[in-house]
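I have placed the structure first, in the form of structure tokens, so that the comments after it can refer back to it.
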Amino acid sequence: MSGKTFYIETFGCQMNVHDSEKVIGTLMAHGYSQVEAPEAAGLVLYNTCSIRDKAEQKVFNRLQNFKRQAGNGKIFGVLGCVAQQEGEKIFDRAPHVSLVAGSASYTRLGEMLVELEAGNRRVTGLSLDTDQTFETPLTRRDNPHRAYITIIEGCDKSCAYCVVPFTRGPERSRASESVMAEARGLAESGYTEIQLLGQNVNSYRDPSPAGQDFAALLARVAEVPGIRRVRYTTSHPRDYGKNIVDAMDANPVLCDHVHLPVQSGSTRMLAAMDRLYTRDDYMRRIEWLKTARRAYSITTDIIVGFPGETEADFQKTLDLLDEVEYASLFSFKYSPRPNTAALHLPDPVPEEEKQRRLVIVQERQRAIQIRRNAELIGAIREVLVEGRHEALGQWIGRTSDNRTLNFTHSAGDGHALAGRYLPVRVTRSGPNSLVGESVTVV
Ligand code: 5AD
Ligand code: SF4
């Protein structure tokens, strides 16, 4: 390899995006520089997702495309959830791959790089029995204003459809002082928004003697001087306590948004999915949020076509959408995954029926969003300016409740506004975003 270069492509959730930031930081500390195209790189890495079959197939398509390039010394590595799930089978399926490592092994990434550099073409990091979290001072963050902080890794739940406990291993919470030190450091280097990450942040439990729970950690992070917004994702309804809502109510730095994946509106389906809550339990949490001191926007994830889901179950999901009126949602067709409890369940829902239900969910939700977003016309919201959309002549803004609010601004040009917080009046609305104009002259 001449001058150590790498290319990395990331699939999947924010945890993966943040893992890639840490991987990039580690590689740079080992003398590698990042390039923007796989063709130009000595080391090509894919940080993969296996949540649904489609996500998993993407990496194999990529590897197939580059198969011929392996001859000229290019090294390929598969990281993340597909790596953990498929393990050494990846070497059989794609023999030009030299590195296969899951996220629980990234603490050993430096050693793995040394092995690769020494010419080893079968380097693996697949152990899940780590009690460490992947901490690196070398994180290379992409966004100059918003930073991710991992507070908990892995997942101890066993939702019947989900690969995550198998790909990310058991839960490990990070010591609160380590989280706080990272938050303070980020504030000092100019970040104003922090997003706390974990597969299930609500089950955070400080391993140090302080023993803080998630609500307590949230409250502390929100008090870091210089931090203006704190978000968190993702939540499991079962562990979502009232004290979290109370913590948010007490400090507006904690953003007006909660992502609370419900998956189904049918208690029968929730039991089949092993979600550990009923529809009523879930609705109680929605009630806390709706009767809270501030208005919170609520978003969710929905799975349609889980084995055994009847038309009546499906109707209960639609009915839940009407009842909650989510600000937005992600909806998916159930995809059978390796190792999971649901893999061999009887009564699969045919593909066409899953597709039909998915479209109905999306249409129903779209109507809700059109209506709810239109109600915001005339309102003034503070946005964090994320950048500029030149083609539209608009600035890109994000509200505390996690809506995109693009806006025009009479004064100021170039990129001078990025990173600022400005009040914007909503003038138009669509199903997925809002448009407005800034109400101050800067
Ligand atoms: N099939 C379809 N959707 C899934 N999700 C997780 N596992 C599966 C699966 N096997 C969805 C859930 C979860 C989101 C991240 O992905 O809705 O909340
Ligand atoms: Fe995909 Fe889940 Fe892994 Fe995130 S944790 S990358 S969503 S499989």
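Bear in mind these aren't lab numbers, they're just calculated from the coordinates by the rules spelled out. Bear in mind the structure is a predicted one, so any value in this text is a computation, not a measurement. Glycine gets a Cβ as well: all are built from the backbone with ideal geometry, and neighbour counts include every protein chain shown.
Ranking Gly119, Ser235, Leu358 by how far each Cα lies toward the positive end of the dipole of the chain (charges on Cβ) leaves Leu358 at the top. Entry note, region 170-301: relative contact order of 23 percent, from Cα contacts under 8 Å with a spacing of 6+ residues. The modelled label-to-label distance between Asp156 and Asp246, using points 7 Å beyond Cα along the C-beta direction, is 2.3 nm.
Stretched out fully, how many nm does the piece from Asn72 to Thr291 gain, at 0.36 nm a residue minus the Cα gap?
That pair, Asn72 and Thr291, stretches by 72.6 nm at full extension.
Counted residue by residue at 0.36 nm each, then reduced by the alpha carbon distance between them, the extension gain from Glu390 to Ala118 reaches 93.2 nm.
Can you tell which of Asn143, Gly387, Pro252 lies farthest toward the positive end of the dipole of the chain, using +1 and -1 charges on the Cβ of basic and acidic side chains (Lys, Arg; Asp, Glu)? Value computed over the given set: Gly387.
Each Lys and Arg Cβ is given +1 and each Asp and Glu Cβ -1; about its Cα centre, the chain then shows a dipole of about 600 debye. Semi-axes of the equivalent ellipsoid of region 276-426 are 37, 19, 14 Å, computed as sqrt(5λ) over the eigenvalues of the C-alpha gyration tensor in descending order. Taken about its Cα centre, region 1-104 carries a charge dipole of roughly 220 debye when the Cβ of each Lys and Arg holds +1 and the Cβ of each Asp and Glu holds -1.
In the chain, Rg over Rh equals 0.97, where Rg is the alpha-carbon radius of gyration and Rh the Kirkwood radius from pairwise Cα distances. The simple spin-label model puts a point 7 Å past each Cα toward its Cβ; for Gln132 and Asp347 those points are separated by 4.7 nm. Mean separation of Cα pairs under 8 Å and 6 or more residues apart, divided by the residue count, gives region 295-377 a relative contact order of 41 percent.
Want the number for Ser410 to Thr427: 0.36 nm per residue separation, take away the alpha-carbon distance, what's left? Walk me through the intermediate numbers first.
On the way: separation 17, 0.36 × 17 = 6.12 nm, distance 1.48 nm.
Once the chain is fully extended between Ser410 and Thr427, it gains 4.6 nm.
Simple point charges give the picture: +1 on the Cβ of Lys and Arg, -1 on the Cβ of Asp and Glu, and for region 264-314 a dipole about the Cα centre of about 440 debye.
Please report the antiparallel percentage of DSSP beta bridges with both residues in region 1-139, rounded to the nearest 5. Percentage antiparallel, nearest 5: 0. The ratio of the alpha-carbon radius of gyration of region 46-170 to the globular-protein estimate 2.2 N^0.38 Å is 1.11.
Based on other C-beta atoms within 10 Å, arrange His344, His145 from fewest to most.
The fewest-first ordering by Cβ neighbours comes to His344, His145.
Only helices at least 15 Å long along their own axis, judged from Cα atoms, and with Kyte-Doolittle mean hydropathy of -0.5 or greater: name those in the chain from DSSP H.
Working: long enough: 14-29 (23 Å, -0.04); 53-65 (18 Å, -1.59); 176-188 (18 Å, -0.13); 279-290 (16 Å, -1.66); 311-324 (20 Å, -0.39); 351-374 (34 Å, -1.38).
Sorted by number, the helices that extend far enough and score high enough are 14-29, 176-188, 311-324.
What is the order of Ile380, Ile227, fewest Cβ neighbours within 10 Å to most? Could the numbers behind the result be given before it?
Values: Ile380 12, Ile227 19.
Listing Ile380, Ile227 from fewest to most nearby Cβ atoms yields Ile380, Ile227.
When region 297-442 is described by a simple charge dipole with +1 on each Lys and Arg Cβ and -1 on each Asp and Glu Cβ, the residue from Leu343, Val439, Ala327 located farthest towards its positive end is Val439. Of the residues Leu217, Leu197, Leu113, which exhibits the maximal mean-square fluctuation in a Gaussian network model of the chain defined by a 10 Å Cα contact cut-off? Highest fluctuation of the listed residues: Leu113. Computed over all pairs of different Cα atoms, the Kirkwood value for the hydrodynamic radius of region 212-256 is 10.8 Å.
Ratio of region 189-318's C-alpha Rg to 2.2 N^0.38 Å, to two decimals? Write out the running numbers ahead of the final one.
Working: Rg = 16.3 Å, N = 130, 2.2 N^0.38 = 14.0 Å.
In units of the globular-protein estimate, region 189-318 measures up at 1.16.
Model label points for Arg184 and Lys58, set 7 angstrom from Cα along the Cα-to-Cβ axis, are 3.8 nm apart. Whole-percent P(r), region 371-442, all Cα pairs, 5 Å bins from 0: 4, 19, 33, 26, 13, 4, 1.
Rounded to two decimals, the Cα-based Rg/Rh of region 16-107, with Kirkwood Rh, is 0.94. The percentage of C-alpha pairs in region 91-158 whose separation is greater than 14 Å is 68%.
Taking the Cα centroid of region 7-79 and of region 138-212, what is the distance between the two, rounded to the nearest whole Å? Cα centres, region 7-79 to region 138-212: 22 Å. For region 219-287, the relative contact order works out to 33 percent when only alpha carbon pairs closer than 8 Å and six or more residues apart are counted.
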